[in-house]
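First up is the structure itself, then whatever we jot down about it.
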Amino acid sequence: MALRIGIILGSTRPGRRGDRIAAWLLDTARAHGGADYELVDLADRGLGNLDEAGNPNLRQYAHPHTHDWSRVVDGLDGFVFLVPEYNHSYPGALKNALDYVYREWNDKAAGIVSYGGWAAGVRAAEALRLVLAELQVATVRAQPAVPLIPSFATGGFVAGEGLDASVRDMLGQVIAWAGALRGVREAKAATAAA
């Protein structure tokens, strides 16, 4: 069965530029191959502020939107987070989405593509790595970064020199780790069933 990789658009902000980067990223990933890719736009998930009283580690979910989000995350083998930098970190909407569930993230791989001003969102990516580590998500080393000023100089998104190669490198790492971690999850499930 093919690996399923979700490209998670981490901004819900009106007027965001991430949707144009996400469309390019999805096309680039599909051309790269090696997995089935799908766009997961947090703006379409309807999560709102975390409203679950139960422990996500125990999958104690009361609301339909949480059950839906659980199915989405659980059904993926890996992730590519497309994350903007807001005030030296990543958006609250992404942190909220991460906090809704726990076990569904475990033992999966992730790459991070950041975007922002001249620093291209790299501080947001580094902050995100800390949270993903707690969720038992293995982040890969390759970390493409998109500076907004030159990338949107013409109004639409134009990938800068080397971005395509950087994204392909990251995808190769995510696919390799996602495949290996699928085996880890299967071994854990077999042990728990025994």
Query - Top-ranked residue in the stretch 132-155 [being crowded, with 19+ Cβ neighbours inside 10 Å and among the polar types (S, T, N, Q); ranked as modelled with the lowest pLDDT] - result: S151
Query raised in the report: Assuming L25 fulfils every condition listed in (1) surrounded by fewer than 21 Cβ atoms within 10 Å (Cβ to Cβ); (2) at pLDDT 95 or above apart from one, which condition is it?
Result: (1)
Report summary line: L39 fails exactly one of (1) more than 19 Å from L135 (Cβ to Cβ); (2) outside any strand (DSSP E or B), namely (2)
Report task. Determine whether V73 is touching a Phe, Trp or Tyr at 6+ places or on another chain (Cβ under 7 Å), closer than 20 Å to A120 by Cβ and of a type in the set (A, V, I, L, M). Result -> no
Query raised in the report: In the stretch 108-131, which residue that is outside any strand (DSSP E or B) and crowded, with 20+ Cβ neighbours inside 10 Å is farthest from the chain's Cα centre (by Cα)?
Result: A120
Report task. For L82, state whether it is surrounded by fewer than 18 Cβ atoms within 10 Å (Cβ to Cβ) and either part of a helix (DSSP H, G or I) or of a type outside the set (D, E, K, R) (or both). Result -> no
Requested in this report: Tell me, yes or no, whether the stretch 86-96 has at least one residue that is touching a strand residue (DSSP E or B) at 6+ places or on another chain (Cβ under 6 Å) and assigned to a loop (DSSP other than H, G, I, E, B).
Outcome: yes
Query raised in the report: Given the conditions (1) outside any helix (DSSP H, G or I); (2) crowded, with 20+ Cβ neighbours inside 10 Å; (3) not β-branched (V, I, T), which single one is not true for Q60?
Result: (2)
Requested in this report: Return the total of residues in the stretch 58-95 being over 25 Å from Q143 (Cβ atoms) and β-branched (V, I, T).
Outcome: 1
Query raised in the report: Any idea which residue in the stretch 12-22 is surrounded by the fewest Cβ atoms within 10 Å (Cβ to Cβ), counting only those that are in contact (Cβ under 8 Å) with a residue 60 or more places away in the chain and in a loop (DSSP other than H, G, I, E, B)?
Result: R13
Report task. Under 7 Å between Cβ atoms, at least 6 apart or on separate chains: pull out the pairs that start in the stretch 116-142 with a residue that is closer than 14 Å to L181 by Cβ and end on any residue that is modelled with pLDDT of 95 or more and among the charged types (D, E, K, R). Result -> Q136/D107; V137/K108; T139/R129
Query - Qualifying position, being under 13 Å from V113 (Cα atoms) and surrounded by 17 or more Cβ atoms within 10 Å (Cβ to Cβ), among L9, L47, L39, L98 - result: L9
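The values are calculated or read from the model by the stated rules, or taken from the named source; none is laboratory data. Note that the coordinates shown come from a computational prediction; the quantities given were computed from them, not determined experimentally. Note that we place each Cβ from the backbone using ideal geometry, even for glycine, and neighbour counts take in every protein chain shown.
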